[in-house]
Amino acid sequence: MEALKELVNVYAPATGELIMQYEEMPASQAGEIMNKSKRAFLSWSQLDIDERLCYLKQLRHTIVNRLDEIAELISKDTGKVKTDALVADIMPALDAISHIEKHAKKTFKAQKVRTPFLLMGHKSSIHYMPRGSVLVISPWNYPFLLAMVPVVSALAGGNTVILKPSEVTPAVGKLIETLFKEAGFPDHVFQVAHGGKELGASLTKQKPDYIFFTGSVGTGRIIQEIASRDLIPTTLELGGKDPMIVYSDADYKRAAQGAVWGAFTNSGQVCMSVERLI
């Protein structure tokens, strides 16, 4: 008899309310989900760009139709107010999808370039090709925006994607999974792996074709070290010590208001928040 999987309770940090329960994916299944992603790449990458953009358009419409519900869930899962969830998480994600719909064809179109002197008589051009299966590991501070943007960018380019959302905000990760299913994406083109650091480490070791990580410097170092062994390209958006510089001709009242907002918006949990004032 198969053992029952343990359910993980998700509580709202601001109120202690039980939001949902979910099952974590065992780290041992990382290889299986990666194999599915690589198989789905064979068909997804062959679709015309217009066909892929139709899926993204449907995703955008799905998000708009459930706007209030999404904002409410982000608010509960993160503890931020609903207005912030709408303005800083959902709307920029919708803008990003709209931007891709408008510009992807031109961006991915083959470009003629100047031929070097030594190759005179030949023609030169740049062609953009999908990389394969992309692993996106997203953070908890903006769990919708910072998952959606790299995911839809990779999908538009013909890649398949595995998203490992933060275990701190799993309800948003489950919601994103539901939105893609409602938008009708083909099986395994986009998958969500729900779990903690052990699962993230296991997925990183499955040799994805690209890794996009947003999070801490310490975790970024570990991911880069693992990726370097197999020359896997990465994008690492990590933290920093960001200064705000105020010049003598500035409007001091406005600068002070900007400093407070820049330092404390989203409770200061922003990768580019004001951390030094000069």
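Considering (1) among the small types (Gly, Ala, Ser); (2) under 18 Å from the mean Cα position of the chain (by Cα); (3) closer than 27 Å to Gly200 by Cα, the lone condition that Ser98 does not fulfil carries the number (3).
For Arg221, the requirement of being more than 24 Å from Met129 (Cβ to Cβ) and surrounded by fewer than 19 Cβ atoms within 10 Å (Cβ to Cβ) is met.
Quick one: which residue in Ala104, Ala96 is under 15 Å from Leu179 (Cβ atoms) and surrounded by 13 or more Cβ atoms within 10 Å (Cβ to Cβ)? Before the answer, list the steps.
On the way: Ala104 fails: under 15 Å from Leu179 (Cβ atoms).
Selected residue: Ala96, the only one of Ala104, Ala96 that is under 15 Å from Leu179 (Cβ atoms) and surrounded by 13 or more Cβ atoms within 10 Å (Cβ to Cβ).
Between Arg52, Arg66, Arg60, the distinction of being of a type in the set (D, E, K, R), under 21 Å from the mean Cα position of the chain (by Cα), over 27 Å from Ile211 (Cα atoms) and open to solvent by less than 60 Å² (accessible area, probe 1.4 Å) belongs to Arg66 only.
Residue-wise test of (1) closer than 15 Å to Asp209 by Cβ; (2) assigned to a helix (DSSP H, G or I); (3) open to solvent by 10 Å² or more (accessible area, probe 1.4 Å).
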| site | (1), (2), (3) |
| --- | --- |
| Val136 | yes, no, no |
| Val161 | yes, no, no |
| Ala171 | no, yes, no |
| Thr178 | no, yes, yes |
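Taking first residues from the stretch 205-222 that are more than 12 Å from Thr235 (Cα to Cα) and partners that are part of a helix (DSSP H, G or I) and of a type outside the set (S, T, N, Q), the Cβ contacts under 7 Å between residues at least 6 apart in sequence or on separate chains come to Lys205/Ile226; Gln206/Ala30; Gln206/Gly31; Gln206/Met34; Pro208/Met34. For the stretch 28-49, the set of residues classified as among the small types (Gly, Ala, Ser) and either within 20 Å of Leu179 (Cα to Cα) or over 20 Å from the mean Cα position of the chain (by Cα) (or both) consists of Ser28, Gly31, Ser37, Ala40, Ser43, listed by residue number. Note on the stretch 106-133: residues that are modelled with pLDDT of 95 or more and among the basic types (Lys, Arg) total 1. Are there any pairs, at least 6 apart or on different chains, whose C-beta atoms fall under 6 Å, with the first in the stretch 116-143 and within 21 Å of Glu237 (Cβ to Cβ) and the second β-branched (Val, Ile, Thr) and open to solvent by 20 Å² or more (accessible area, probe 1.4 Å), and if so, which? Pairs found: Trp140/Val168. Scanning the stretch 8-24 for residues that are surrounded by 11 or more Cβ atoms within 10 Å (Cβ to Cβ) and not in a strand (DSSP E or B) returns Ala12, Pro13, Ala14, Glu24.
Can you tell me how many residues within the stretch 193-249 are assigned to a loop (DSSP other than H, G, I, E, B) and of a type outside the set (Ser, Thr, Tyr)?
Going through the stretch 193-249, the residues assigned to a loop (DSSP other than H, G, I, E, B) turn out to be 193-196, 205-209, 215-216, 230-233, 238-242, 245-249.
Adding the requirement that they be of a type outside the set (Ser, Thr, Tyr) leaves 193-196, 205-209, 215, 230-233, 238-242, 245-246, 249.
Residues meeting the conditions: 22.
The values are calculated or read from the model by the stated rules, or taken from the named source; none is laboratory data. Not measured: the values here are computed from a predicted model. Using ideal geometry, Cβ is built from the backbone for each residue, glycine included, and neighbour counts are taken over all protein chains shown. Remember, those area values only see protein heavy atoms, side chains included, never the ligands or the DNA or RNA. Shrake-Rupley method; radii C 1.70, N 1.55, O 1.52, S 1.80 Å.
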